[in-house]
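Quick notes on the structure that follows.
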Amino acid sequence: MIAVYPGSFDPITLGHVDIIQRLSNKFSELHILIAESSEKKSLFTFEERSKFIKEILVQNKNVFIHCSSGLTVDFAKKIKADCIVRGLRAVSDFEYEMGMANMNKKLAPEIETYILFASPQFNFVSSRLVKEIAKLGGDLNGLVPENVKEALKNKGY
Ligand code: ADP
């Protein structure tokens, strides 16, 4: 089975990494799709976000990284994916994820959305909060991978 894991990954956190590690051996191919959000202005470019993920997942031979500013379902169809996977942290994610899953179902009925619950140790971790903590000089240990920590420092965070 081929899966697509879409997201902004701006930047990737240990919560995302946990989802990727837990999923990668369940699918023959896991395609991470770094998407441009029309609503959120990104801190890191596509190239930067993609480089962080490549460095972290270099050992995972069935994980592939792509960038897109188009529809996730169009990408999924193009690579003949069977499903889209998303992570769910809390009830606050639920409505958004349900709306997105239903819209994707309408656009591409043959592609299912699979939802994986965040591991308890990461269910409070978000890219948005990580950026806020970095900006205010907080400790990022246990929240993001080392390369992201360095990059946030280099951005003057
Ligand atoms: P988006 O901008 O599309 O919400 P994100 O980059 O924030 O994308 O996240 C991509 C996916 O990973 C989403 O389904 C999100 O709920 C999930 N996710 C984000 N952080 C975590 C975490 N700490 N644990 C598990 N899943 C997460």
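The values are calculated or read from the model by the stated rules, or taken from the named source; none is laboratory data. Predicted model only: the values in this text are computed from it and were never measured. A quick note on method: Cβ atoms are made from the backbone with ideal geometry, for glycine too, and the neighbour counts reach across all protein chains shown. In case anyone asks, the SASA skips ligands and DNA or RNA and just uses the protein heavy atoms, side chains included. Shrake-Rupley method; radii C 1.70, N 1.55, O 1.52, S 1.80 Å.
Applying the criterion of being more than 9 Å from the ligand (Cβ to nearest atom) and at pLDDT 95 or above to the residues of segment 24-42, the residue that is nearest to Pro120 (Cα to Cα) is Lys26.
Cβ separations smaller than 7 Å between residues 6+ apart or across chains give the following pairs from segment 20-33 residues that are in contact (Cβ under 8 Å) with a residue 24 or more places away in the chain to residues that are open to solvent by 60 Å² or more (accessible area, probe 1.4 Å) and of a type in the set (A, V, I, L, M): Phe27/Met1; Ser28/Met1. Return yes when Lys135 is on the phi < 0 side of the Ramachandran plot and more than 16 Å from the ligand (Cβ to nearest atom) and no when it is not. So Lys135 passes the test.
Sub-7 Å Cβ pairs linking a first residue in segment 137-149 that is open to solvent by less than 30 Å² (accessible area, probe 1.4 Å) to a second residue that is basic (Lys, Arg), at least 6 apart or interchain, are Leu140/Lys149, ordered by first then second residue. State whether one or more residues within segment 69-91 are away from the ligand (no atom under 15 Å from the Cβ) and surrounded by fewer than 11 Cβ atoms within 10 Å (Cβ to Cβ). Checked against the condition, which is being away from the ligand (no atom under 15 Å from the Cβ) and surrounded by fewer than 11 Cβ atoms within 10 Å (Cβ to Cβ), segment 69-91 yields at least one hit. For segment 1-42, a tally of residues being hydrophobic (A, V, I, L, M, F, W, C), within 17 Å of Leu71 (Cβ to Cβ) and open to solvent by 40 Å² or more (accessible area, probe 1.4 Å) returns 0.
Conditions (1) within 23 Å of Lys26 (Cα to Cα); (2) modelled with pLDDT of 95 or more; (3) among the hydrophobic types (A, V, I, L, M, F, W, C), marked per residue:
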site	(1), (2), (3)
Lys77	yes, yes, no
Val85	yes, yes, yes
Asn102	no, yes, no
Thr113	yes, yes, no
Val144	no, yes, yes
Lys155	no, no, no
